[in-house]
Amino acid sequence: MEDFSSSDEDYYYSSDRDSLDGFENDESDSQWVTSKSPTTKVITKESLLAAQREDLRRVMDMLSIREHHARTLLIHYRWDVEKLLAVLVENGKSYLFASAGVSVVEGEHTGTSLLSLSSTSMCEICIEELPVDTMTKMECGHGFCNDCWTEHFVVKINEGQSRRIRCMAHKCNAVCDESVVRNLVSKRHPDLAEKFDRFLLESYIEDNRMVKWCPSTPHCGNAIRVEDDEFCEVECSCGLQFCFSCLSEAHSPCSCMMWELWTKKCRDESETVNWITVHTKPCPQCHKPVEKNGGCNLVSCICGQAFCWLCGGATGRDHTWSTIAGHSCGRYKEDQAKKTERAKRDLYRYMHYLNRYKAHTDSFKLESKLKETILEKISISEERESILRDFSWVTNGLNRLFRSRRVLSYSYPFAFYMFGEEIFVDEMTNKEREIKQHLFEDQQQQLEANVEKLSKILEEPFDQYSDDKVTEMRMQIINLTVITDTLCKKMYECIENDLLGSLQCNTHNIAPYKSKGIEKASELAVCWNSKPSTTEKCVASDSGTSGKRDRPFGFGSLEDSGCPSQRRPKKETYGGVFFDISMPADVLHRN
């Protein structure tokens, strides 16, 4: 293993010019946009319908079905078009429709009144003879009166099952046509019809494994869609960086389970309980913890009960400095001694990792304030006459410091659980655990040493230095920046391949390391043209402008075409209702 922190000679490469050019091309803020388009997209209230229509159109064109059938299929398969195609190829069209509750009947019209030779028909729910124009028949062939259908729909919408409302007939698995639901419910309960349409629209986010709401507080109204892997870290257009898998703060190289356990451990009183176990003993009468503050082994609780500190047994008050009258506990009890010793060891181990995690977290907060100071130094340096005009190497070094410090801080909670006995006690032998721990800690120490060097050099007053000294400092920062990036990559490779990759239960996944930091999601283009052959004019949603985020949003059918102006909502609506998709439905309804 290469040791990047062995000496000051590690600062320099053989070719200063080659090192500088290679780094500046890679790290310059002006060239952070890679040749590959971003794999994460921001879905705003303007682009939510466009994102949903994209998948609906694919399924409609492929299976030649109506829009509500396509939506029913996609909701059943959690908007995973690839999985839907796999089921179609493997099991056929009939199984695909039957499993999702889709009934496609040629020549039938859904929601029409029952046609009969007589003018009346009996509803099998309310057992009443009613005119046929008050009865409605679904695609599955079952027909009931409009009153019973409406009450059924209202109950299901209030129960939160509006995305898949099934037929009322016994053992019928068919999903009701959304247009029939909307038409019947809107006549009596317009507010519930609006809620129904909102749930259908938001099903693209709520039921989609690759799309999730941004967890910002207060809610920014955006959702994030990832293209490749759900185990990643993303940045919303509102500026919040978070783990896409668990929606907590970005925490790699910790897995989601490790980070959840760590935050719970730091938040609750589990370690306080450990301290009480180590330093106190319960009173045998009132069971309150008692701390010993003297040398005598006869301890008295505030309740008045005297007991032996050595064994915890209740005693009388007669004693000498060496013995207690009528009491002897000199026999060794191995279980109690092991329990106390283990609690003490676990407490010291936890405090070791907690102190280092907090130390690097505090350093990150203090170094964040360094950015303003460095910008002032750069401004001063650019004003004076100097051979150096480009100071991007300073900001690049600062950005690298932030990223490396963050990786370093989260590596300690990872090590606490990776080499502890809470999660992987049966996955490794003690010998294997020791070898892997030494391997990881060697890389962790190298990264820590170089991060501290980079932090120290960046704090130097380069605006007061001569040109020669600034040039020397420039090469030190450039080389340290490359070194810390390389060490971060090596640490992630060690975790993914040597540590987590060798486990039998592969339930722990971490977000991949990215040299340029957490990827910022790009705006999803809003395209309203439903015809693939027509040239579409797509515009990116303007969610970044606060003045445009609170306008109402209407969504229409897939027969609409063209690109409406972003400043004016489209007049054709889906169900005749406009929506403000600025937060999840549960948050909106609760407010």
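If packing is taken as the average number of other Cβ atoms within 10 Å across a peptide's residues, how do 129-141, 176-188 rank, most packed first?
Numbers: 129-141: 17.6, 176-188: 20.5.
Listed from highest to lowest mean packing, they are 176-188, 129-141.
Which order, highest average first, do 412-419, 148-155, 429-436 follow once you tally other Cβ atoms within 10 Å for each residue and take the mean per peptide? Don't jump to the answer; show the numbers that get you there.
On the way: 412-419: 23.0, 148-155: 19.0, 429-436: 12.0.
The densest-packed peptide leads the list: 412-419, 148-155, 429-436.
Please compute one quarter of the surface area of the Cα convex hull for region 339-510 and express it in square nanometres. Mind dumping the intermediate values first?
Working: hull surface 45.7 nm².
Orientation-averaged projected area of the Cα hull: 11.4 nm².
Would you mind checking the pairs Lys212/Lys365; Lys288/Lys338; Lys83/Lys516; Lys264/Lys365; Lys369/Lys456 and listing those with alpha carbons more than 25 angstrom apart? Kindly include the intermediate steps, with their values, before the conclusion.
On the way: Lys212/Lys365 28 Å; Lys288/Lys338 22 Å; Lys83/Lys516 32 Å; Lys264/Lys365 22 Å; Lys369/Lys456 14 Å.
From the list (Lys212/Lys365; Lys288/Lys338; Lys83/Lys516; Lys264/Lys365; Lys369/Lys456), the Cα-Cα distance tops 25 Å for Lys212/Lys365; Lys83/Lys516.
By the gyration tensor of its Cα atoms, with a ≥ b ≥ c the square roots of the eigenvalues, what is the shape of region 211-263: rounded for a/c under 1.5, prolate for a/b over b/c, or oblate? Walk me through the numbers before you get to the answer.
Numbers: a/c = 2.25, a/b = 1.41, b/c = 1.60.
Oblate, because a/c is 1.5 or more while a/b does not exceed b/c.
With the contact rule set at Cα under 8 Å and sequence spacing of 6 or more, what percent relative contact order holds for region 120-208? Working shown, then result.
Working: 88 pairs, mean separation 18.2, N = 89.
Computed value for region 120-208: 20 percent relative contact order.
Along Cα→Cβ, 7 Å out, is where each label goes; now give me the distance between the ones at Glu128 and Val278 in nm to one decimal.
In this crude spin-label approximation the distance works out to 7.4 nm.
Can you give me the pair-distance distribution of region 111-253, C-alpha pairs, 10 Å bins, whole percents?
Histogram of Cα-Cα distances, whole percents per bin: 11, 31, 22, 17, 12, 6, 1, 0.
For region 159-217 and region 388-421, compute the distance between their C-alpha centroids and round to whole Å.
The two parts, judged by their Cα centres, are 45 Å apart.
From zero up to wherever the largest Cα-Cα distance of region 212-307 sits, split into 10 Å bins and tell me the percent of pairs in each.
That works out to 14, 27, 17, 12, 14, 13, 4, in percent per bin.
Distance from the Cα centre of region 219-240 to that of region 449-511, in angstrom?
Each part's Cα centre sits 26 Å from the other's.
Given a 1.4 angstrom probe, what's the average accessible area per residue across region 158-223, in square angstrom? Before the final figure, lay out the partial values.
Numbers: 2770 Å² over 66 residues.
Per-residue accessible area for region 158-223 comes out at 42 Å².
The values are calculated or read from the model by the stated rules, or taken from the named source; none is laboratory data. Since this is a predicted model, take the numbers as computed values, not measurements. Using ideal geometry, Cβ is built from the backbone for each residue, glycine included, and neighbour counts are taken over all protein chains shown. Side chains included, ligands, DNA and RNA excluded: accessible areas come from the protein's heavy atoms. Shrake-Rupley method; radii C 1.70, N 1.55, O 1.52, S 1.80 Å.
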